[in-house]
Amino acid sequence: MASLESLRSVSIGEYLPTGSVVHRIDARAKLLISLILGVAIFAANGYLVNLALVLLLVAFLKLARLSPRFVASTVKPALPLILLLTLMQLLFYGEGPAGSTVYLRWGALVISSAGVRMVVISLLRFGGLLALVSLLTNTTTTSALHHGVEWWLRPLTAVGLPGHELGMVMAIALRFLPILGEELEAISHAQAARTLVAERRSRWQFIRRARRTANLIVPLFVSTLRHADEMAFAMQARCYQGGRGRTQLNVRRWQVLDTLSLALAVIILMTVLILHRLPLP
């Protein structure tokens, strides 16, 4: 039963009203800043630059009064899969470019310095993206995130694409992540109480876990459809007809804080692009 407790720790998509300065940044600015910093994370080609970006994003989490440990707990359920992918990347990356040191060679399996470097960079990028997504979703309400996405997609309405509906879908999808985590935990506890998933230690534990996961898929899918039906009925009861004629109750205006935050993100991206040309490890 202890292994099921980690299913509740899904912080991505959950709004945490800590009242920090990051919460006061406009959602439109946050979306653009997240895009810029995401480009910076993938543009960084060395583990030192990626490590600096991760530390900077951790500092931003502290500024937003969010616990980095709480944010990191999100990946706990997926930790075995992450470790498996990391091991496969380490073993099958190959020798890499000329000049790389080969630490181990066993048939087609090769562990080289280039492979180790790529694994470290991939893990740092994953940590940076996790912190970035948490900064966006944990400090922005669903309505603000929806209005921000809709504002950026508004030019698409000129070519016939529904910007309002696309923004609504993105915002709802993000907010459903913690709900699905709670549903998955509830289903797991219910099956464990009915002895459908026994927690016995054996050499076939991996197969047992795979079978348990398969038993969770169908109930979770049914629960997801039920939540979707309930939301559809609720929207119909409120006479929701898309974005036609809809206005905002609280209209956010672009402030100096938004401009300064956006300028800081641009400076970070430009610094990463400049360091990209240097032979850094």
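A few points about this structure:
- Total charge dipole magnitude, the stretch 2-276, about the Cα centre, Cβ charges on Lys, Arg, Asp, Glu only, Debye to nearest 20: 420
- In a DSSP loop and with at most 16 other Cβ atoms within 10 Å, the trypsin sites (Lys or Arg not before Pro) in the stretch 38-85 are R65.
- Residue order, fewest to most surrounding Cβ atoms within 10 angstrom, among I268, I217: I217, I268
- Cut-off under 5 Å, modelled amide H: who pairs with K76 long-range: none
- Dividing the summed helix terms, -39500 (n - 2.57) for each DSSP H run of n ≥ 4, by the number of residues in the chain produces a 222 nm estimate of -21500 deg cm²/dmol to the nearest 500.
- Over the stretch 12-121: Kirkwood hydrodynamic radius from C-alpha pairwise inverse distances, Å: 16.7
- Taken over the alpha carbons of the chain as equal point scatterers, the Debye sum produces base-10 log I(q)/I(0) values at 0.17 Å⁻¹ of -1.36.
- Charge dipole of the stretch 2-276 about the Cα centre (unit charges at C-beta), most positive-ward option of V39, V75, A234: V75
Any read-out appearing in this document is the output of simple, stated calculations on the displayed coordinates, not a laboratory observation. The structure displayed is predicted, hence computed values, not measured ones. Note that we place each Cβ from the backbone using ideal geometry, even for glycine, and neighbour counts take in every protein chain shown.
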